[in-house]
Amino acid sequence: MSSTALAPSATAVATPAAPVALERPAGPGFGATDALLVVMALIWGGNFFAVQYGAAHMDSWAFNATRMLLGLVVLSALAVATVRVPWPSWSDRLKLLGCGVIGNGIYQLLFIGGVPRTRGGSASLILAASPAVLALIGWATRTERLTRQLLAGVACSICGVAMVMLGDSAHPSRPGSMLGNVLVAGACLTWGAYATLLRPLAARLNGLHVTVLTLLGGVVPLTALAAPALATTPWATLDAGTWGAIAYAGVGAMGLAYVIYYRGLKLLGPTRTSMYGNLQPFIALLVAWRLQADVPTAWQLLGAAGILGGILLARRAT
(Lines give C-alpha, C1' and ligand atoms only; values in the text may rest on other atoms or scores of the structure.)
Protein backbone atom coordinates (compact mmCIF):
# COMPACT_ATOMS: atom_id res chain seq x y z
CA MET A 1 0.00 0.00 0.00
CA SER A 2 1.09 3.52 -0.50
CA SER A 3 2.48 5.60 2.29
CA THR A 4 -0.72 7.58 2.71
CA ALA A 5 -2.79 7.20 5.85
CA LEU A 6 -5.73 6.16 3.76
CA ALA A 7 -4.21 2.92 2.58
CA PRO A 8 -5.08 -0.05 4.78
CA SER A 9 -2.18 -1.70 6.52
CA ALA A 10 -1.26 -5.35 6.24
CA THR A 11 -4.79 -6.48 6.94
CA ALA A 12 -7.48 -4.36 5.51
CA VAL A 13 -10.17 -5.99 7.74
CA ALA A 14 -9.30 -3.64 10.56
CA THR A 15 -7.63 -0.52 9.29
CA PRO A 16 -9.77 2.64 9.27
CA ALA A 17 -9.32 4.50 6.01
CA ALA A 18 -9.10 7.96 7.45
CA PRO A 19 -6.06 10.21 7.74
CA VAL A 20 -5.42 12.29 10.81
CA ALA A 21 -3.31 15.40 10.83
CA LEU A 22 0.17 14.95 12.27
CA GLU A 23 0.52 16.52 15.70
CA ARG A 24 3.61 16.79 17.87
CA PRO A 25 5.75 14.22 16.00
CA ALA A 26 7.50 11.75 18.26
CA GLY A 27 11.22 11.13 18.19
CA PRO A 28 12.88 8.46 16.09
CA GLY A 29 13.34 6.07 19.02
CA PHE A 30 10.98 3.36 20.22
CA GLY A 31 8.53 4.95 22.64
CA ALA A 32 5.15 4.43 24.28
CA THR A 33 3.23 4.99 21.04
CA ASP A 34 5.37 2.41 19.26
CA ALA A 35 4.62 -0.07 22.03
CA LEU A 36 0.90 0.61 21.66
CA LEU A 37 1.15 0.04 17.91
CA VAL A 38 2.65 -3.38 18.59
CA VAL A 39 -0.41 -4.06 20.77
CA MET A 40 -2.60 -2.90 17.87
CA ALA A 41 -0.88 -5.34 15.52
CA LEU A 42 -1.33 -8.13 18.08
CA ILE A 43 -5.05 -7.36 18.37
CA TRP A 44 -5.61 -7.31 14.61
CA GLY A 45 -3.43 -10.37 14.07
CA GLY A 46 -5.54 -12.34 16.56
CA ASN A 47 -8.82 -11.10 15.09
CA PHE A 48 -8.80 -13.80 12.42
CA PHE A 49 -8.88 -16.50 15.09
CA ALA A 50 -11.65 -14.66 16.98
CA VAL A 51 -13.79 -14.48 13.83
CA GLN A 52 -13.18 -18.15 13.05
CA TYR A 53 -14.01 -19.17 16.61
CA GLY A 54 -17.15 -17.05 16.84
CA ALA A 55 -18.47 -18.16 13.44
CA ALA A 56 -17.90 -21.80 14.44
CA HIS A 57 -19.98 -21.49 17.63
CA MET A 58 -22.89 -19.38 16.39
CA ASP A 59 -24.43 -18.30 13.11
CA SER A 60 -21.79 -16.31 11.21
CA TRP A 61 -24.31 -13.65 10.17
CA ALA A 62 -25.39 -13.13 13.77
CA PHE A 63 -21.79 -13.06 14.97
CA ASN A 64 -20.70 -10.46 12.44
CA ALA A 65 -23.72 -8.21 12.99
CA THR A 66 -23.28 -8.37 16.77
CA ARG A 67 -19.59 -7.57 16.79
CA MET A 68 -20.08 -4.71 14.30
CA LEU A 69 -22.93 -3.24 16.34
CA LEU A 70 -20.73 -3.45 19.42
CA GLY A 71 -17.87 -1.75 17.59
CA LEU A 72 -20.21 0.97 16.33
CA VAL A 73 -21.44 1.70 19.86
CA VAL A 74 -17.89 1.92 21.23
CA LEU A 75 -16.60 4.14 18.41
CA SER A 76 -19.68 6.39 18.49
CA ALA A 77 -19.25 6.93 22.23
CA LEU A 78 -15.57 7.68 21.67
CA ALA A 79 -16.38 10.19 18.92
CA VAL A 80 -18.98 11.98 21.05
CA ALA A 81 -16.65 12.09 24.05
CA THR A 82 -13.44 13.19 22.34
CA VAL A 83 -14.13 14.95 19.01
CA ARG A 84 -14.82 18.65 19.27
CA VAL A 85 -15.23 19.57 15.59
CA PRO A 86 -18.71 19.50 13.98
CA TRP A 87 -19.98 16.37 12.28
CA PRO A 88 -19.83 16.36 8.44
CA SER A 89 -22.55 18.02 6.37
CA TRP A 90 -25.58 15.96 5.36
CA SER A 91 -24.22 15.67 1.84
CA ASP A 92 -20.94 14.23 3.12
CA ARG A 93 -22.80 11.98 5.57
CA LEU A 94 -24.75 10.41 2.71
CA LYS A 95 -21.55 9.90 0.72
CA LEU A 96 -19.88 8.28 3.73
CA LEU A 97 -22.85 6.01 4.34
CA GLY A 98 -22.73 4.95 0.69
CA CYS A 99 -19.03 4.20 0.95
CA GLY A 100 -19.77 2.26 4.11
CA VAL A 101 -22.15 -0.05 2.25
CA ILE A 102 -19.15 -1.08 0.14
CA GLY A 103 -16.37 -1.01 2.71
CA ASN A 104 -18.24 -2.32 5.74
CA GLY A 105 -21.16 -4.06 4.03
CA ILE A 106 -20.06 -5.95 0.93
CA TYR A 107 -16.53 -6.26 2.31
CA GLN A 108 -17.76 -7.82 5.54
CA LEU A 109 -20.02 -10.24 3.67
CA LEU A 110 -17.00 -11.52 1.76
CA PHE A 111 -14.72 -11.43 4.80
CA ILE A 112 -17.04 -13.27 7.16
CA GLY A 113 -17.87 -15.74 4.41
CA GLY A 114 -14.22 -16.41 3.60
CA VAL A 115 -12.31 -16.42 6.90
CA PRO A 116 -14.18 -19.36 8.53
CA ARG A 117 -13.56 -21.44 5.38
CA THR A 118 -9.83 -20.95 5.20
CA ARG A 119 -6.79 -20.70 7.41
CA GLY A 120 -6.47 -17.56 9.50
CA GLY A 121 -2.84 -17.09 8.48
CA SER A 122 -3.69 -17.42 4.79
CA ALA A 123 -6.56 -14.93 5.07
CA SER A 124 -4.28 -12.37 6.69
CA LEU A 125 -1.66 -12.86 3.99
CA ILE A 126 -4.18 -12.40 1.17
CA LEU A 127 -5.49 -9.22 2.76
CA ALA A 128 -1.91 -8.04 3.14
CA ALA A 129 -1.89 -7.62 -0.63
CA SER A 130 -4.28 -4.66 -0.35
CA PRO A 131 -1.47 -2.19 -1.21
CA ALA A 132 -1.08 -3.89 -4.59
CA VAL A 133 -4.82 -3.65 -5.21
CA LEU A 134 -4.84 0.04 -4.28
CA ALA A 135 -1.92 0.71 -6.60
CA LEU A 136 -3.65 -1.02 -9.51
CA ILE A 137 -6.91 0.82 -8.90
CA GLY A 138 -5.03 4.09 -8.58
CA TRP A 139 -3.31 3.42 -11.89
CA ALA A 140 -6.60 2.43 -13.58
CA THR A 141 -8.33 5.60 -12.33
CA ARG A 142 -5.31 7.77 -13.21
CA THR A 143 -4.86 8.86 -9.60
CA GLU A 144 -1.50 7.13 -9.19
CA ARG A 145 1.43 6.59 -11.53
CA LEU A 146 2.55 2.98 -11.79
CA THR A 147 6.36 3.15 -11.89
CA ARG A 148 8.54 0.15 -12.67
CA GLN A 149 9.38 -0.32 -9.01
CA LEU A 150 5.74 -0.03 -7.98
CA LEU A 151 4.76 -2.45 -10.74
CA ALA A 152 7.38 -4.89 -9.46
CA GLY A 153 5.92 -4.61 -5.97
CA VAL A 154 2.40 -5.24 -7.27
CA ALA A 155 3.53 -8.27 -9.28
CA CYS A 156 5.46 -9.63 -6.30
CA SER A 157 2.42 -9.32 -4.01
CA ILE A 158 0.08 -10.94 -6.55
CA CYS A 159 2.47 -13.87 -6.95
CA GLY A 160 2.57 -14.21 -3.17
CA VAL A 161 -1.22 -14.36 -2.98
CA ALA A 162 -1.28 -16.98 -5.74
CA MET A 163 1.22 -19.13 -3.83
CA VAL A 164 -0.86 -18.94 -0.64
CA MET A 165 -4.10 -19.80 -2.44
CA LEU A 166 -2.67 -22.65 -4.53
CA GLY A 167 -0.78 -24.06 -1.57
CA ASP A 168 -3.92 -24.08 0.58
CA SER A 169 -5.99 -25.78 -2.12
CA ALA A 170 -3.79 -28.86 -1.80
CA HIS A 171 -3.71 -28.84 2.00
CA PRO A 172 -5.43 -32.01 3.35
CA SER A 173 -6.82 -30.33 6.48
CA ARG A 174 -8.58 -27.59 4.48
CA PRO A 175 -10.20 -29.24 1.46
CA GLY A 176 -12.61 -26.35 0.92
CA SER A 177 -10.15 -23.57 1.55
CA MET A 178 -10.02 -22.42 -2.08
CA LEU A 179 -13.56 -21.00 -1.81
CA GLY A 180 -12.61 -19.22 1.40
CA ASN A 181 -9.48 -17.80 -0.18
CA VAL A 182 -11.43 -16.60 -3.23
CA LEU A 183 -13.93 -14.83 -0.96
CA VAL A 184 -11.12 -13.21 1.04
CA ALA A 185 -9.46 -12.13 -2.22
CA GLY A 186 -12.81 -10.60 -3.21
CA ALA A 187 -12.83 -8.76 0.11
CA CYS A 188 -9.35 -7.44 -0.67
CA LEU A 189 -10.54 -6.09 -4.04
CA THR A 190 -13.63 -4.59 -2.43
CA TRP A 191 -11.53 -2.78 0.16
CA GLY A 192 -9.39 -1.32 -2.59
CA ALA A 193 -12.46 0.10 -4.34
CA TYR A 194 -13.80 1.42 -1.04
CA ALA A 195 -10.55 3.14 -0.08
CA THR A 196 -10.31 4.76 -3.51
CA LEU A 197 -13.86 6.14 -3.34
CA LEU A 198 -13.35 7.31 0.23
CA ARG A 199 -10.05 9.10 -0.37
CA PRO A 200 -11.37 12.61 -1.19
CA LEU A 201 -13.73 12.55 1.81
CA ALA A 202 -11.22 11.12 4.25
CA ALA A 203 -8.67 13.76 3.26
CA ARG A 204 -10.76 16.61 4.70
CA LEU A 205 -12.96 15.08 7.44
CA ASN A 206 -12.29 13.95 10.99
CA GLY A 207 -11.07 10.37 11.15
CA LEU A 208 -13.43 9.14 13.87
CA HIS A 209 -16.42 10.73 12.15
CA VAL A 210 -15.47 8.99 8.90
CA THR A 211 -15.07 5.66 10.66
CA VAL A 212 -18.36 5.89 12.56
CA LEU A 213 -20.44 6.92 9.54
CA THR A 214 -18.89 4.38 7.16
CA LEU A 215 -19.33 1.66 9.79
CA LEU A 216 -22.96 2.71 10.18
CA GLY A 217 -23.39 2.44 6.41
CA GLY A 218 -22.37 -1.20 6.58
CA VAL A 219 -24.05 -2.11 9.86
CA VAL A 220 -27.58 -1.12 8.76
CA PRO A 221 -27.88 -3.47 5.73
CA LEU A 222 -25.91 -6.26 7.42
CA THR A 223 -28.11 -6.14 10.51
CA ALA A 224 -31.21 -6.23 8.31
CA LEU A 225 -29.88 -9.27 6.46
CA ALA A 226 -28.85 -10.92 9.73
CA ALA A 227 -32.20 -10.22 11.46
CA PRO A 228 -33.51 -13.82 11.10
CA ALA A 229 -30.25 -15.24 12.46
CA LEU A 230 -30.20 -12.71 15.30
CA ALA A 231 -33.78 -13.60 16.21
CA THR A 232 -33.10 -17.34 16.35
CA THR A 233 -29.72 -17.22 18.08
CA PRO A 234 -29.89 -18.88 21.54
CA TRP A 235 -28.12 -16.01 23.29
CA ALA A 236 -28.54 -17.48 26.78
CA THR A 237 -26.69 -20.65 25.80
CA LEU A 238 -23.63 -19.04 24.21
CA ASP A 239 -20.50 -19.97 26.12
CA ALA A 240 -17.93 -17.58 27.53
CA GLY A 241 -15.55 -18.23 24.64
CA THR A 242 -18.12 -17.09 22.07
CA TRP A 243 -18.93 -13.95 24.03
CA GLY A 244 -15.20 -13.35 24.34
CA ALA A 245 -14.80 -13.65 20.57
CA ILE A 246 -17.62 -11.12 20.05
CA ALA A 247 -16.03 -8.71 22.51
CA TYR A 248 -12.56 -9.20 21.03
CA ALA A 249 -13.70 -8.70 17.42
CA GLY A 250 -15.99 -5.80 18.35
CA VAL A 251 -14.46 -3.83 21.23
CA GLY A 252 -10.86 -4.92 20.63
CA ALA A 253 -10.40 -5.07 16.86
CA MET A 254 -12.96 -2.39 15.93
CA GLY A 255 -12.64 -0.17 19.00
CA LEU A 256 -9.38 -0.21 21.01
CA ALA A 257 -7.16 -0.96 18.02
CA TYR A 258 -8.70 1.95 16.07
CA VAL A 259 -7.93 4.33 18.95
CA ILE A 260 -4.30 3.21 18.97
CA TYR A 261 -4.14 3.55 15.19
CA TYR A 262 -5.29 7.17 15.36
CA ARG A 263 -2.78 7.94 18.11
CA GLY A 264 -0.03 6.54 15.90
CA LEU A 265 -1.10 8.67 12.94
CA LYS A 266 -1.14 11.80 15.07
CA LEU A 267 2.18 11.26 16.81
CA LEU A 268 4.25 9.15 14.42
CA GLY A 269 2.74 9.84 11.01
CA PRO A 270 1.21 7.48 8.46
CA THR A 271 4.35 5.76 7.16
CA ARG A 272 5.81 4.77 10.52
CA THR A 273 2.38 3.75 11.82
CA SER A 274 1.52 1.64 8.81
CA MET A 275 4.78 -0.29 9.07
CA TYR A 276 3.49 -1.87 12.28
CA GLY A 277 0.57 -3.21 10.28
CA ASN A 278 3.03 -5.40 8.40
CA LEU A 279 3.42 -7.46 11.59
CA GLN A 280 -0.18 -8.67 11.37
CA PRO A 281 0.20 -11.56 8.89
CA PHE A 282 3.04 -13.02 10.92
CA ILE A 283 1.06 -12.63 14.15
CA ALA A 284 -1.93 -14.32 12.52
CA LEU A 285 0.31 -17.21 11.43
CA LEU A 286 1.67 -17.57 14.96
CA VAL A 287 -1.81 -17.42 16.53
CA ALA A 288 -3.08 -20.11 14.15
CA TRP A 289 0.00 -22.22 14.90
CA ARG A 290 -0.38 -21.86 18.68
CA LEU A 291 -4.17 -22.02 19.10
CA GLN A 292 -5.20 -24.16 16.13
CA ALA A 293 -2.11 -26.35 15.68
CA ASP A 294 -2.04 -24.96 12.14
CA VAL A 295 1.64 -25.22 11.25
CA PRO A 296 2.66 -22.73 8.53
CA THR A 297 3.34 -24.44 5.22
CA ALA A 298 6.17 -23.74 2.80
CA TRP A 299 3.60 -22.18 0.43
CA GLN A 300 2.43 -19.80 3.15
CA LEU A 301 5.97 -18.78 4.02
CA LEU A 302 6.88 -18.24 0.37
CA GLY A 303 3.65 -16.31 -0.14
CA ALA A 304 4.37 -14.18 2.92
CA ALA A 305 7.81 -13.34 1.55
CA GLY A 306 6.31 -12.37 -1.81
CA ILE A 307 3.48 -10.26 -0.38
CA LEU A 308 5.55 -8.40 2.18
CA GLY A 309 8.45 -8.02 -0.25
CA GLY A 310 5.99 -6.44 -2.66
CA ILE A 311 4.78 -4.08 0.06
CA LEU A 312 8.33 -2.93 0.75
CA LEU A 313 8.98 -2.40 -2.97
CA ALA A 314 5.76 -0.42 -3.30
CA ARG A 315 6.60 1.74 -0.30
CA ARG A 316 10.05 2.53 -1.66
CA ALA A 317 8.45 3.59 -4.93
CA THR A 318 6.12 6.15 -3.28
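The values are calculated or read from the model by the stated rules, or taken from the named source; none is laboratory data. Predicted model, so just to flag it, every value in this text is computed and none were measured. No Cβ is skipped: glycine too gets one built from the backbone with ideal geometry, and neighbour counts run over all protein chains shown. Quick note on the areas: whole protein, heavy atoms, side chains included, nothing else; ligands and nucleic acids left out. Shrake-Rupley method; radii C 1.70, N 1.55, O 1.52, S 1.80 Å.
Couple of notes before you dig in:
- A simple spin-label model places pseudo-atoms 7 Å from Cα toward Cβ; at A32 and T232 they are separated by 5.0 nm.
- A full extension of the chain between V85 and V39 corresponds to an added length of 13.7 nm, given 0.36 nm per residue minus the alpha carbon distance.
- Unit Cα scatterers, Debye sum, region 43-130: log10 I(q)/I(0) for q = 0.11, 0.14, 0.23, 0.25 Å⁻¹: -0.40, -0.63, -1.20, -1.29
- Remark: region 173-216 carries 35 Å² of accessible area per residue (probe radius 1.4 Å; ligands, DNA and RNA excluded).
- Nearest-10 value in Å² for the accessible area of D34, using the 1.4 Å probe: 10
- Net charge over other residues, Cβ less than 14 angstrom from the Cβ of S89 (K, R count +1; D, E count -1): +2
- Mean accessible surface per residue for region 63-133, computed with a 1.4 Å probe while every protein chain stays in place, in Å²: 35
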